[in-house]
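One structure is given below, encoded as structure tokens.
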């Protein structure tokens, strides 16, 4: 997909603020420092002309899509229990989201010599997580079915957020995007993750009897609305972006989870989020993994924007 577009040149002070926010968001405290410009010339899991590279450069779509993915994960009882009992989410939610976001960036943009060992470490951590849901159902975090659901929710969240709030994707582009995620899904152990929109819809349909409402979902939404931690230029939009995530969920899932209209966006808010999404697709952040990875491969920073 090669679409001509104009790049927005921001005032230096605003550009510097956005650059600083991007660095902070992708460098959690006590987390690994990832240099996406190294090793020079080394390929990522996906090529720089992939649709995934173009979509993942957009911070608005990633924030909204990531929140939507977590809502869907928490709707599945086994995943919900694993996330809530075996992670630091309740104690330090933003750090947990930062680590998850960094892992996504490394998976998409990182050199293979960095991405593949990172994914292997995640798989090893999952292998040690098991337990029972409050209803007494045993689970293991590396269960293929659960891993595939998690991968599917992430793919859906990012694709749908981009299509709703940045630029509408057509049916072929949805299929391409889900297909491009196949290699990473396999490395994570999610071998049943959907590779097309039809497969994703079939998986969602098959989950109708498994997805359940839970107070934890509403606790998560409250945390995301109230916890300081969004990039400074987006703080005023934080609650709106959370609502935008609810908005992209399928209607039947929102009904199943009790996410009524008041949890979504108003018409005016929707237009604001769409404007922010479209504008952010035209702003180059030199500190972003997307731009730095283009540099690693000898491409101009403008590669993903023209």
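Which whole-angstrom value gives the distance between the alpha carbon centres of the stretch 66-104 and the stretch 121-158?
Each part's Cα centre sits 11 Å from the other's.
Just grab the label-to-label distance for residue 219 and residue 302, each label 7 Å out from Cα along the Cβ direction, in nm (one decimal).
5.0 nm
Taking every pair of alpha-carbon atoms in the chain, give the share separated by more than 23 Å as a whole percent.
Values: 25545 of 46665 pairs.
So the pairs more than 23 Å apart make up 55 percent of the total in the chain.
If each residue's Cβ is checked for other Cβ atoms within 10 Å, how do 14, 63, 147 rank with the fewest at the top? It would help to have the intermediate numbers written out before the result.
Working: 14 11, 63 26, 147 22.
The order, fewest Cβ neighbours first, is 14, 147, 63.
Need the full-extension length gain, residue 112 to residue 43, defined as separation in residues times 0.36 nm minus the C-alpha distance. One decimal, nm.
Net length gain for the segment: 24.2 nm.
In percent, what relative contact order does the stretch 14-301 have, based on Cα pairs under 8 Å that are 6 or more apart in sequence? Show your work: numbers first, answer last.
On the way: 388 pairs, mean separation 88.3, N = 288.
Across the stretch 14-301, relative contact order equals 31 percent.
Sort 252, 84, 236 so that the residue with the fewest other Cβ atoms within 10 Å of its own Cβ comes first and the one with the most comes last.
236, 252, 84
Give the residues of the stretch 243-265 whose amide nitrogen is closer than 19 Å to a point set 7 Å from the Cα of residue 208 in the direction of its Cβ.
Residues passing the 19 Å test: 249-259.
Grab the Cα-Cα distance for residue 251 and residue 16, subtract it from 0.36 nm times how many residues apart they are, and report the gain in nm with one decimal.
80.6 nm
What nm value, rounded to one decimal, do you get for the distance between residue 172 and residue 282 when each label is placed 7 Å out toward the C-beta?
2.5 nm
For residue 91 and residue 6, calculate 0.36 nm times their separation in residues minus their Cα-Cα distance, and state this gained length in nm to one decimal. All intermediate terms of the calculation are to be shown ahead of the outcome.
Details: separation 85, 0.36 × 85 = 30.60 nm, distance 4.19 nm.
The residue 91-residue 6 span can extend by a further 26.4 nm.
Distance from a point 7 Å along Cα→Cβ of residue 144 to each backbone N in the stretch 167-187: keep the residues under 15 Å and list them by number.
The answer is 185-187, whose backbone nitrogens lie closer than 15 Å to the label point.
Mind jotting down the distance between the C-alpha centroids of the stretch 164-207 and the stretch 259-306, whole Å?
Here the answer is 20 Å between Cα centres.
For 251, 49, what's the fewest-to-most ordering of other Cβ within 10 Å of each Cβ?
251, 49
GNM on the chain, C-alpha springs below 10 Å: top fluctuator among 248, 129, 119?
129
What order do you get for 34-45, 257-268 when each peptide is scored by the mean count of other beta carbon atoms within 10 Å, highest first?
The densest-packed peptide leads the list: 34-45, 257-268.
In deg cm²/dmol and to the nearest 500, what is the mean residue ellipticity at 222 nm of the chain if only DSSP H runs of at least 4 residues count, each as -39500 (n - 2.57), divided by the residue total?
Calculated mean residue ellipticity at 222 nm is -18000 deg cm²/dmol.
Rule-based calculations on the coordinates, nothing more; no lab input. Given the structure is predicted, the values throughout are model-derived calculations rather than measurements. When we count neighbours, we look across all protein chains shown, and the Cβ atoms used for this are built from the backbone with ideal geometry, even at glycine.
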